[in-house]
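Below is one structure, written out as structure tokens; the observations come after it.
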Amino acid sequence: MSQEAFLPFALPELGDEEIAEIADTLKSGWITTGPKTRRFEESFRTFLGDEALHCLAVNSATAGLHLALEAFGVGPGDEVITTTHTFTATAEVIRYLGADVTLVDIDPNSLCINPLLVEEAITPRTKAIVPVHYAGLSADIPALLKLARPRGLKVIEDAAHALPATSEGRLVGTLDSDATVFSFYANKTMTTGEGGMVVTRDDAVAKRMKVMRLHGIDRDAFDRFRSERPAWYYEVVAPGFKYNLTDIAAAIGLMQLTKLPRFLQRRQYLAARYRKALQALPLVCPPDAPEGEVHAWHLYVIRLSPNARITRDELIQQLSERGIGTSVHYIPLHRQPYWRDLYELKPEMFPCSEAAYQSMLSIPLFTAMTDQDQDRVVEALHEILT
Ligand SMILES: *Cc1c(COP(=O)(O)O)cnc(C)c1O
């Protein structure tokens, strides 16, 4: 990328392999959910390395979260606890089902949901907990399971940032929670354009999600044309959704998955390089994963130190003037009009999320960026901050 070109904060890396696989799909005549989606689900399970897992491809992580909560029976009168420091998708699906959202504050270091505050937020109406592995660092799932299990609560992981990440040496997706949902949105660690994967070991829940993924029909389109029953016959057992992934998207996913180990290496390399290059500046760099654990490095979120002589908004502006894209992850949900007004939320109720929000920005981190691209970001930060 030349000095003049705008450097975005994220960009997918797609190559000839994806193009060839899409072309193969188009030529096959089977463009909606079919053989490639099935192969993608199988490859994903192989990647996670757990034969007991059901992996269901869906057209977004939002869809996957909705399906999982629905399958676990979340409904009107229930409460689901999640973090205020997330994208609205994590919480909106709870409202789709008529349940209430209980937002809690984050740990000031990891920026993941704080289990101590989760414990305080549990009521007799609480049905589930939805942690987010913020930026690709695993949330404290063991602590959440310790709260959830004796009370019969479900834990559904929003793992949109966490492919691949580990907790206690195990890949997110194979932990002891009830379901895990990954995103393949364009800026995530791998992409299908739009897409997601919902993963569970619970046979009954997997069956329900499979039915609800496609109109509440008892078998998907691919099966319909291959089973012994006549092709035209199907049964509707519930008012389901339209959440299936297309084979065109699955074709991209199959190739992205083969590249994921290399993508991870590149992200780890860039994250380590940022940490070293930024250490002298009035910034707080994001925490590494604990020793022996994997951080997926979906985002590189820096925070301005109190002694920096510039505001976060000014820093974003000055980086933008130098052609460097940034973003803020996230404007906390308690600040969004819908959530704020519905639950009468005030910034003082979420001091850690507030402090992080006021000082944070996400700087460019994507596999296709060159070392020179990164040097540009580092030099700009040095220029602006010293
Ligand atoms: C991207 C994202 C989602 C939604 O993913 P989609 O695949 O776009 O539906 C949900 N939660 C978090 C934390 C995300 O970053």
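The values are calculated or read from the model by the stated rules, or taken from the named source; none is laboratory data. These numbers come from a predicted model, not from an experiment. All Cβ positions, glycine included, derive from the backbone under ideal geometry; neighbour counts span all protein chains shown.
Quick one: which of His334, His382 is touching a helix residue (DSSP H, G or I) at 6+ places or on another chain (Cβ under 9 Å) and under 30 Å from Glu79 (Cβ atoms)? Quick ask: steps written out before the conclusion?
On the way: His382 fails: under 30 Å from Glu79 (Cβ atoms).
Criteria check complete, one pass: His334.
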All but one of (1) more than 30 Å from Thr192 (Cβ to Cβ); (2) within 15 Å of the ligand (Cβ to nearest atom) hold for Asn109; which doesn't? (2)
In region 54-71, anything in a helix (DSSP H, G or I) and within 15 Å of the ligand (Cβ to nearest atom) is listed as Ala61, Thr62, Ala63, Gly64, Leu65, His66, Leu67, Ala68, Leu69
Please determine whether any residue of region 24-43 is at pLDDT 95 or above and touching a Gly at 6+ places or on another chain (Cβ under 6 Å). yes
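Report yes if Glu17 is buried (at least 20 other Cβ atoms within 10 Å of the Cβ) and more than 15 Å from Thr246 (Cα to Cα), otherwise no.
Values: buried (at least 20 other Cβ atoms within 10 Å of the Cβ): no; more than 15 Å from Thr246 (Cα to Cα): yes.
When the stated conditions are applied, Glu17 does not pass them.
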Top-ranked residue of region 78-122 - restricted to ones that are in a helix (DSSP H, G or I) and of a type in the set (Val, Ile, Thr), ranked as farthest from the chain's Cα centre (by Cα): Val118
Would you say Val74 is within 15 Å of the ligand (Cβ to nearest atom) and touching a residue at least 24 places away in the same chain (Cβ under 8 Å)? no
Is at least one residue of region 204-215 part of a strand (DSSP E or B), more than 15 Å from the ligand (Cβ to nearest atom) and either more than 25 Å from His298 (Cβ to Cβ) or acidic (Asp, Glu) (or both)? yes
Which condition number in (1) in a loop (DSSP other than H, G, I, E, B); (2) more than 30 Å from Glu321 (Cβ to Cβ) is the one that Pro12 fails? (2)
Odd one out for Leu56 among (1) in contact with a helix residue (DSSP H, G or I) (Cβ under 7 Å, 6 or more places away or on another chain); (2) surrounded by fewer than 20 Cβ atoms within 10 Å (Cβ to Cβ); (3) in contact (Cβ under 8 Å) with a residue 60 or more places away in the chain: (2)
Considering only region 253-282, state which residues are touching a strand residue (DSSP E or B) at 6+ places or on another chain (Cβ under 8 Å) and under 17 Å from Ala135 (Cα atoms). Leu270, Ala271, Tyr274
Given the conditions (1) in contact with a helix residue (DSSP H, G or I) (Cβ under 8 Å, 6 or more places away or on another chain); (2) assigned to a helix (DSSP H, G or I), report the number of the one that Glu51 does not fulfil. (2)
Tyr233 among the aromatic types (Phe, Trp, Tyr), modelled with pLDDT under 95 and surrounded by fewer than 20 Cβ atoms within 10 Å (Cβ to Cβ): yes
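Can you pull out every residue in region 91-109 that is within 15 Å of Phe350 (Cβ to Cβ) and crowded, with 17+ Cβ neighbours inside 10 Å?
Keep residues of region 91-109 that are within 15 Å of Phe350 (Cβ to Cβ), which gives 91, 101-108.
Those that are within 15 Å of Phe350 (Cβ to Cβ) and crowded, with 17+ Cβ neighbours inside 10 Å: Ala91, Val101, Thr102, Leu103, Val104, Asp105, Ile106, Asp107.
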Looking only at region 186-220, and only at residues there that are free of Cβ contacts under 8 Å to residues at least 60 places away in the same chain and β-branched (Val, Ile, Thr), the one that is surrounded by the fewest Cβ atoms within 10 Å (Cβ to Cβ): Ile217
In region 65-78, how many residues are among the acidic types (Asp, Glu) and surrounded by fewer than 20 Cβ atoms within 10 Å (Cβ to Cβ)? 1
Take the residues of region 158-169 that are under 16 Å from His298 (Cα atoms) and not polar (S, T, N, Q): which is surrounded by the fewest Cβ atoms within 10 Å (Cβ to Cβ)? Pro164
